[in-house]
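The values are calculated or read from the model by the stated rules, or taken from the named source; none is laboratory data. Computed from a prediction, not measured in an experiment: that's the story for all the values here. So basically every Cβ, Gly included, is an ideal-geometry build from the backbone, and we count neighbours across all protein chains shown.
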């Protein structure tokens, strides 16, 4: 088996950290208090999976590249799992009610069900459920 990492941190630039925290709180996510301040918030996505929501000025300190406007360009789609088809619908409906935007239509095939949304900054999130056989 090849290289295996112990944790994953996805870093996303956000325009308004407090609004972004509120948006993801409304979806049911919590934040690591010791890794959250006025420049960034560490969203707990799983036991070893974290999403760092970083203010744009702070995010820029980690790269020499220009930031992409996620409302008109896409560089990454963050896909997360759900426990059921109903849980997929519930999360996307919560995102839409909290100010997110619809992304793609629902995808439903024999083994996989998914739906996607854009967060307040236009980042794409895909919520997926896969039948276990």
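Do the conditions hold for residue 52, that is, is it in contact with a helix residue (DSSP H, G or I) (Cβ under 7 Å, 6 or more places away or on another chain) and either outside any helix (DSSP H, G or I) or surrounded by 15 or more Cβ atoms within 10 Å (Cβ to Cβ) (or both)?
Spelling it out, it is not the case that residue 52 is in contact with a helix residue (DSSP H, G or I) (Cβ under 7 Å, 6 or more places away or on another chain) and either outside any helix (DSSP H, G or I) or surrounded by 15 or more Cβ atoms within 10 Å (Cβ to Cβ) (or both).
Which number in (1) loosely packed, with under 15 Cβ neighbours inside 10 Å; (2) in contact with a strand residue (DSSP E or B) (Cβ under 8 Å, 6 or more places away or on another chain); (3) more than 22 Å from residue 9 (Cα to Cα) marks the one condition that residue 109 misses?
Residue 109 satisfies every listed condition except (2).
Working carefully through the options 69, 105, 83, find the one that is under 24 Å from residue 47 (Cβ atoms) and in a loop (DSSP other than H, G, I, E, B).
None of the others qualify; the one that does is 83.
Filter the stretch 2-49 for residues that are loosely packed, with under 11 Cβ neighbours inside 10 Å, assigned to a loop (DSSP other than H, G, I, E, B) and at negative phi and give the result.
Answer for the stretch 2-49, where residues must be loosely packed, with under 11 Cβ neighbours inside 10 Å, assigned to a loop (DSSP other than H, G, I, E, B) and at negative phi: 2, 3, 4, 5, 6, 7, 38, 47.
Somewhere in the stretch 88-96, is a residue assigned to a loop (DSSP other than H, G, I, E, B) and either touching a helix residue (DSSP H, G or I) at 6+ places or on another chain (Cβ under 9 Å) or closer than 22 Å to residue 13 by Cα (or both)?
Looking through the stretch 88-96, none of the residues is assigned to a loop (DSSP other than H, G, I, E, B) and either touching a helix residue (DSSP H, G or I) at 6+ places or on another chain (Cβ under 9 Å) or closer than 22 Å to residue 13 by Cα (or both).
In the set 86, 56, 30, 90, which member is over 14 Å from the mean Cα position of the chain (by Cα) and not assigned by TED's automatic domain parsing to the domain that holds residue 111?
From the options 86, 56, 30, 90, the qualifying one is 56.
Would you confirm whether or not the stretch 23-34 contains a residue that is touching a helix residue (DSSP H, G or I) at 6+ places or on another chain (Cβ under 6 Å) and farther than 30 Å from residue 131 by Cβ?
no
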